[in-house]
Amino acid sequence: MSLRVITRDEAEADIAEAALWYERRCGGLGKEFIRAVDSCFALIATQPQAFPVVHRDARLALLRRFPYLVIYRVFPDFVSVVAVMHGRRRPRRWKSRTLE
């Protein structure tokens, strides 16, 4: 069974910012980043418990090919993506988002 993945506004902004950055570096790379995010979300939807808990009930998944982390919380009927962040840029910034 697959859970519905809900992306919070802050996480959507994270994704858009990163995709734009990659697209400016190399045409088409932003779209590849989006595909990597979508692939990770699909895996999270089908196997939400497969990734480690990193803070309270927040879990962390890694994107393939890109140095980005997907931070999410699992609820009975859905998964809430809290942040999609570069692994080396203030990685703890997302903690305040998990408390809301």
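Bear in mind that the values in this text are calculations on the coordinates, not laboratory data. Quick caveat: nothing in here was measured; it's all calculated off a predicted structure. Using ideal geometry, Cβ is built from the backbone for each residue, glycine included, and neighbour counts are taken over all protein chains shown.
Among the residues making up the range 23-54, those that are surrounded by 13 or more Cβ atoms within 10 Å (Cβ to Cβ) and touching a residue at least 24 places away in the same chain (Cβ under 8 Å) are GLU32, PHE33, ALA36, VAL37, SER39, CYS40, PHE41, ILE44, ALA45, PRO48. When the range 1-16 is filtered for residues that are surrounded by 13 or more Cβ atoms within 10 Å (Cβ to Cβ) and among the charged types (D, E, K, R), the ones remaining, listed by number, are ARG8, GLU10, ASP14.
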